[in-house]
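The values are calculated or read from the model by the stated rules, or taken from the named source; none is laboratory data. As the structure is a computational prediction, the values presented were derived from the model and not from experiment. Heads up, the Cβs are rebuilt from the backbone with ideal geometry, glycines too, and the neighbour counts pull from every protein chain shown.
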Amino acid sequence: MNPYLVFVVGALVAGYLLELVLALAGLRSLTPDIPAEFNDILDGEEYGRSQDYIRATTRFSLLQATLILPLTLVFILAGGFNSVDILARSAGLSSIPTGLLFTGLLVFLNFCIQFPFSLYSTFVLEERFGLNKTTPRTFVLDLGKTLLLAVLLGGPLLAGVLWFFEYAGELAWLYSWLTIILFSLFMQLAAPVLILPLFNRFSPLADGKLKEAIINYAEQQNFPLKGIYTMDGSRRSSRANAFFTGLGRLRRIVLFDTLVAAMNTKETVAILAHEMGHFKKRHIRKMMLISLAQTGMMLYLLSFFLHNKGLSAAFSMQHVSTHAGLVFFAFLYAPISLLLSLFGNALSRRYEYEADRFAVSSSGLAEPLITALKKLCRRNLANLTPHPLQVLVHYSHPPVLERIRAIRAYAAVRED
Ligand SMILES: [Zn+2]
């Protein structure tokens, strides 16, 4: 048997088993008793509802994975990639457009499989627990806009990468990498002004106590404020959030309308102080540099496997091509990607503690930060007792109880 095929099938099955173990461990670590910290904010009924929600979403993603694994295996073993390649070639285009068509067909196939799950998740699951605010109209418009962006932005980028690997020789990975770096910088600049407004409405925060408090805090921190906006997050979901977006002079603070509605002034400033912590400690920049470094490494590895005959044969291909090689490499890379995400998540969790500490030391709002976190958990039906393995693999944020404990400990040390 082809060793590449053994590796790819093994990785797919192992990935599935890992998710299965995590899901079962997660279900087992749910406790029927409200954690003491949340006694003042949750009653038994609300807590029960969040437990039901976690159970329902866990079972749903398990079902999804259990259906998609055999579909993927059959598609690989029955030569599905070869059929799609033959279909793309039958259009009689030159190599780059053929590659784009091949990828487009695969994306479409994948979309057809995922679509029913996405519908069910939004309009049945999230709806049942009162989290969904998306109308069918918004849902369809979102799909259309996402498709348009994928074609307009992803298409040329993919064409560039295909072109480099086809014609630019040994340094193709380096040219592709530089192109992707420029592309991500462009996206950082374009996101707040061109892309996010396609999906949400941004309005300047109304004058009043909250705006004053935010401006005061930003001035204390010597933070050049280019705008405080609220975003109609309530258009899609009742979840609440806040973030900083943009680079340099286009930098702005965005608060979800759902957040402004749910929090008092001190709590909102405390959340903002946490986001400020990410900014001041340069977390956003560091994460982006790490991710770009990983992309460079991936492209370098890719150049060794791209035109590999054995890898192509594993997927029953009649023709060896750059475009199919890209897709097959993604299967080989999946375990490395998982490993890197473990480090990425661990680092991100450390940054969350750092940002919390910054929030406490810069604003002195330890208690409001804690109540804000608790309110967010209640709103988002968050899992208060995830299994440590789930945290290790999937969590970019520490479990809320550990965060609260750390904030209390830090605030106590500062007071001494
Ligand atoms: Zn954070």
### Task
Give me a count of the residues in the stretch 192-203 that are touching a strand residue (DSSP E or B) at 6+ places or on another chain (Cβ under 6 Å) and part of a helix (DSSP H, G or I).
1
### Summary
Picked from the stretch 1-46 (must be within 27 Å of the chain's Cα centre (by Cα) and aromatic (Phe, Trp, Tyr)), the residue surrounded by the fewest Cβ atoms within 10 Å (Cβ to Cβ) is Phe7
### Task
Just need a number here: residues in the stretch 99-128 that are under 15 Å from Gln64 (Cβ atoms) and not acidic (Asp, Glu).
15
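Pick from the stretch 321-334 the residues that are part of a helix (DSSP H, G or I) and of a type in the set (Ser, Thr, Tyr): which of them is farthest from His394 (Cα to Cα)?
First pass over the stretch 321-334, keeping only residues part of a helix (DSSP H, G or I): 322-334.
Still in the list and also of a type in the set (Ser, Thr, Tyr): 322, 333.
Values: Thr322: 32, Tyr333: 18 Å.
Only one residue tops the list, namely Thr322.
Among Leu153, Leu171, Leu198, Leu158, which is the only one that is exposed (fewer than 14 other Cβ atoms within 10 Å of the Cβ) and under 25 Å from the mean Cα position of the chain (by Cα)?
Working: Leu153 fails: exposed (fewer than 14 other Cβ atoms within 10 Å of the Cβ); Leu171 fails: under 25 Å from the mean Cα position of the chain (by Cα); Leu158 fails: exposed (fewer than 14 other Cβ atoms within 10 Å of the Cβ).
Going through Leu153, Leu171, Leu198, Leu158 in turn, the sole match is Leu198.
Please work out if Gly80 is surrounded by 14 or more Cβ atoms within 10 Å (Cβ to Cβ), under 24 Å from the mean Cα position of the chain (by Cα) and at pLDDT 95 or above.
On the way: surrounded by 14 or more Cβ atoms within 10 Å (Cβ to Cβ): yes; under 24 Å from the mean Cα position of the chain (by Cα): no; at pLDDT 95 or above: yes.
No, not satisfied.
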### Message
Considering only the stretch 45-52, I want to know if a residue exists there that is farther than 20 Å from Glu127 by Cβ and either without any contact (Cβ under 8 Å) to a residue 60 or more places away in the chain or touching a helix residue (DSSP H, G or I) at 6+ places or on another chain (Cβ under 7 Å) (or both).
### Response
yes
## Note on the structure
Flagged in the stretch 229-251 as buried (at least 18 other Cβ atoms within 10 Å of the Cβ) and either under 20 Å from Ser362 (Cβ atoms) or without any contact (Cβ under 8 Å) to a residue 24 or more places away in the chain (or both), in numbering order, are Ala242
## Note on the structure
Among (1) away from the ligand (no atom under 15 Å from the Cβ); (2) modelled with pLDDT of 95 or more; (3) more than 17 Å from the chain's Cα centre (by Cα), Met231 falls short only on (2)
### Task
Go through (1) modelled with pLDDT under 95; (2) within 16 Å of the ligand (Cβ to nearest atom); (3) surrounded by fewer than 16 Cβ atoms within 10 Å (Cβ to Cβ) one by one and return the number of the condition Asn380 breaks.
(3)
### Message
Suppose the filter is under 30 Å from Thr103 (Cβ atoms) and outside any helix (DSSP H, G or I); does Ser337 pass it?
### Response
no
### Query
All but one of (1) more than 15 Å from the ligand (Cβ to nearest atom); (2) over 30 Å from Leu157 (Cβ atoms) hold for Phe358; which doesn't?
(1)
## Note on the structure
Considering the stretch 298-320, residues that are aliphatic (A, V, I, L, M) and in a loop (DSSP other than H, G, I, E, B), and then whichever is surrounded by the fewest Cβ atoms within 10 Å (Cβ to Cβ), we arrive at Val320
### Task
Considering each of Ala324, Ala346 in turn, give the residue that is within 16 Å of the ligand (Cβ to nearest atom), of a type outside the set (Val, Ile, Thr) and at pLDDT 95 or above.
Ala346
### the stretch 234-274: number of residues that are of a type in the set (Gly, Ala, Ser) and away from the ligand (no atom under 16 Å from the Cβ)
7
### Task
Among the numbered conditions (1) in contact with a Phe, Trp or Tyr (Cβ under 8 Å, 6 or more places away or on another chain); (2) closer than 22 Å to Ala11 by Cα, tell me where Tyr120 comes up short.
(2)
#### Entry: Condition check for Ile54: surrounded by 13 or more Cβ atoms within 10 Å (Cβ to Cβ) and in a loop (DSSP other than H, G, I, E, B)
no
### Query
Among the residues of the stretch 275-283, is any charged (D, E, K, R), within 16 Å of the ligand (Cβ to nearest atom) and free of Cβ contacts under 8 Å to residues at least 60 places away in the same chain?
yes
### Query
What tally of residues in the stretch 49-106 results from selecting those that are closer than 21 Å to Lys309 by Cα and acidic (Asp, Glu)?
1
## Note on the structure
Pairs returned, first residue in the stretch 349-369 that is part of a loop (DSSP other than H, G, I, E, B), second residue that is more than 11 Å from the ligand (Cβ to nearest atom), beta-carbon separation under 6 angstrom, 6 or more apart or interchain, are Leu365/Lys266; Leu365/Ala270
